[in-house]
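K.L.:
Following this message is one structure expressed as structure tokens.
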Amino acid sequence: MRRVVRVAAYVPAGASNWAAVAASDEDSFTLAATAVERVWSGRRAEPGPILVHALGDFPEVVEWGFAALLGRETVVTRSPGTASQLAKALEELEGGEGGPAIVVAVDLAETSASRTSSKSGIAGDAAVAFLLEPTESAAPLLFGKHAAGRSAVAATVRRARSEAAGGSRIMFVGDWDRGAGVGSAREAKPAGRDRSDNLGTVSEGAYIPRARYLENLPSRWRFLAEVCEACHRTTFPSRRVCRNCGRADSLTPVELPYNGGRVVAVTTVSAGGQPTEFDAQVAGSGPYDVALVELARGMRVTLQVTDIAPGTLAVGDHVDTLLRRLYPMEGEWRYGRKAVPVSTAGSRGPAKTPA
Ligand SMILES: [Zn+2]
């Protein structure tokens, strides 16, 4: 059997009318991806496939996106984002045999039939993820009658509070403390969103073949680098050959840290200066910043900056990175990591219990 050992929350930074509002470069997949990344943090070494049950309304990328995000084989199942579906999914996975499993649920205003109410503690757009691990001990996380008539996210927040009050063995990570006060926290982001979901009408820029996009995902989504055992140098992005000594037979894959990178250079891209694949973004949201970020000593990556006004980020600032929408191409959204202001919740911090 399995038991829930960790629950992560992700609440977007933007707010409107006391509710969290996802940014224009977020969708149900990126919300889910951030919650999954937080709940899975530090558990990358274990072999074998991961079962992922996704509750909500998702684009097709959800079928393969978690595998690319975790660098692991995943078996994905999906269901509507209701509390009763969540209770059912947890019950099935807790009773099942095998390796670790993740249950992730998303509330997003555009897609969710049952919105999270402000009474639940997390108001508006949000994602929660449960990590279940094999064990022979401990009691299951039961939702019981609390599950009725709510969204999966709202039910999770209520359940998490009662767990915390009862001295839970479960670790809670992420944005639980942003809960009820989310509306007063930051009113910076404009509420009007251009989701550009009508992909057919969005002009597409410089053609980037899907095969190349997929090939680069390990470096782009997981910051995959390679350490050469012969000369001890690190090559990033990974090239399957050491950039220092040229050997290809002694490379060990490593992931550079997603969070806490330092801004080495930053510039604002004004209208007209963007690569053409970002034309629609600039037309909808205006100028954006691009930062050169040092992830580890000597390991740098160029990232678009989001969740902060252009011109705000400075050299020397530290940033986290999150998966976001980049641009539409060939009838789908392409995704990649962007730099965001360092989170007080994040995936690195110690366990927090809901207030
Ligand atoms: Zn080498």
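The numbers here are math on the coordinates, done by the rules we state, and not lab data. Quantities reported herein were computed from a predicted structural model and do not represent experimental measurements. Counting neighbours? That spans all protein chains shown, and the Cβs are built from the backbone with ideal geometry, glycine included.
K.L.:
For the ranges 210-217, 74-81, what's the packing order if you count other beta-carbon atoms within 10 Å of each residue, average per peptide, and put the highest first?
P.N.:
74-81, 210-217
K.L.:
So which trypsin sites (Lys or Arg not before Pro) in segment 226-260 pass both tests, a DSSP loop state and at most 11 other Cβ atoms within 10 Å of the Cβ?
P.N.:
Passing sites in segment 226-260 are ARG240.
K.L.:
Modelling each spin label as a point 7 Å along the Cα-to-Cβ direction, I'd like the GLU330/HIS318 distance in nm, to one decimal.
P.N.:
3.9 nm
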